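Notes follow the structure.
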Amino acid sequence: MTTVLNSRPAVSPLRAAAGLAAAMGVGRFVYTPLMPVLISAGRIDARAGATIAAANYAGYLIGAVLLARRPDLNGRTAFRTAAAALVLSEALMAWPAPAAVAAVLRLIAGIASAVLFIGCASVAAGHENRRRAAGIAFGGIGGGIALTGLLAMAAGTAVPWQVMWLGVAALTALLLAPALRLEVRPATRTAAAAARSVRAWRLLQGTYFLEGLGYIVIGTFLVAALQSPGHRSLGTAMWVVVGVAAAPATLLWDLIARRLSPETALVLALALQCVSAILPAASTGVVSALISAALFGATFTGITMLAIEVGGELTGPGAAATLTAGYGLGQVLGPLVVTPVLGDGYGTAFAIAAVILAAATAGALLIKRT
């Protein structure tokens, strides 16, 4: 459990939003629009690209598990160290080293992203108006995603990939600057709250694991599925749509949670994300891709916010680290689950993701009834 203090509570969610934009929107997801650029430039091949992506997912899992097991480590020093490590790892990606080195750098970036995410999420959980604070803070993820997509589109083929990575590092540092003023102070283990409902807490952990398992298939392959020799910018444009839809989504889900309940809103968000996986599985058209990208962006940050809020009601602010660990495990396994069916395209992979997300929706329904 983590207590976050700040002398200006009204500013805390905005600083947390900037931190999440850097850690997740840029640091975590920038590789999605940049991977096709790196492959086209001959920097890596598709197999190496997948390995590098998996290393980042594994790093995120390591960071989340570490803080879930040792919440006392989640303090201001760890937060600032993670910020420096993220920026440095991105800058070093401009070095034309072997793919194994790039994988290690993305592993480090994944660990750093998890530490920064949990620190910023704790700001919302410890705020006096935590639901509104969470809506503002998690909106930063979508803003960061949109920035990475626009950066990739603006650079196109005219800017060397090395310069693009240096630009990414500079953008991350700029966004992290206000977040470094957040004071994250770890609490002792004895302060952790017991779950109000053990069954609901276990259901939530399982549901959020399935969300990580299913959503990452869309997040990893949506851009690649839309790339074609004549429309190389289409996938990147859809990534911008994801970010634009995600930016205000958490505030929208905050309103829905106020009118209904966080549990009901979680069910609706998961059901809509399931639809976002069904559409590209059923059709390869641009319209279905546009709707899928918009639905995906409008739901995945909201699901994160709502799951952490429900977890906070059950166990306290320390739920963020535990839930993120299960989510991270799902992200590592997701691409591995669908890799055997990628030879004939991405439709079957999206169909598998839809089934997984349907199971997550069913789990959320059980949580609501519990």
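Note on the chain: helix-only mean residue ellipticity at 222 nm, from DSSP H runs of 4+ residues weighted -39500 (n - 2.57) and normalised by residue number, equals -26500 deg cm²/dmol. With the highest mean first, a sort of the peptides 133-144, 101-112, 355-366 on other beta-carbon atoms found within 10 angstrom per residue produces 133-144, 101-112, 355-366. Explain nothing, just the number: relative contact order of the range 281-368, from Cα pairs under 8 Å at least 6 residues apart, as a whole percent. That works out to 30 percent. When a 1.4 Å probe is rolled over the protein heavy atoms, the share of accessible surface on the chain that falls to carbon and sulfur comes to 67 percent. Each Cα pair under 8 Å and six or more residues apart adds its sequence gap; the mean of these over the residue count of the range 22-146 is a relative contact order of 40 percent.
Applying 1/(1 + (r/R0)^6) with R0 = 35 Å to the Cβ-Cβ distance of Val355 and Val11 gives a FRET efficiency near 0.25.
Quote the relative contact order of the chain in percent (integer), defining contacts as alpha-carbon pairs under 8 Å separated by 6+ residues. Write down the numbers at each step before the final one.
On the way: 712 pairs, mean separation 100.8, N = 370.
Reported as a whole number, the value is 27 percent.
Name the helices (complete DSSP H segments) of the chain with a Cα length along the long axis of 20 Å or more and a Kyte-Doolittle mean of at least 0.0, or state none. Qualifying helices: 46-69, 76-92, 99-126, 130-155, 161-179, 198-226, 232-246, 262-282, 286-315, 319-338, 347-369.
Per-residue packing, averaged as other Cβ atoms within 10 Å, sorts the ranges 54-66, 293-305, 330-342, 165-177 into the order 293-305, 54-66, 165-177, 330-342, beginning with the highest. Using a Gaussian network model of the chain whose springs link C-alpha atoms within less than 10 Å, name the residue from Pro33, Pro262, Pro96 with the highest mean-square fluctuation. In the Gaussian network model the winner is Pro96.
Using r as the Cβ-Cβ distance of Arg202 and Ser288, and R0 as 56 Å, what FRET efficiency do you calculate, to the nearest 0.05?
Plugging the Cβ-Cβ distance into 1/(1 + (r/R0)^6) gives 0.95.
Seen from Tyr57, the other residues with C-beta closer than 13 Å to its C-beta sum to a net charge of +2, counting Lys and Arg as +1 and Asp and Glu as -1. Of all the options Arg259, Arg15, Arg70, the one that moves most in a Gaussian network model of the chain with Cα springs shorter than 10 angstrom is Arg259.
The values are calculated or read from the model by the stated rules, or taken from the named source; none is laboratory data. Just so it is clear, the model here is predicted, and its values are computed rather than measured. Please note: Cβ atoms are built from the backbone with ideal geometry, for glycine as well, and neighbour counts cover all protein chains shown. Ligands, DNA and RNA are stripped out before the accessible areas are found, and what is left, the full protein with its side chains, is counted by its heavy atoms. Shrake-Rupley method; radii C 1.70, N 1.55, O 1.52, S 1.80 Å.
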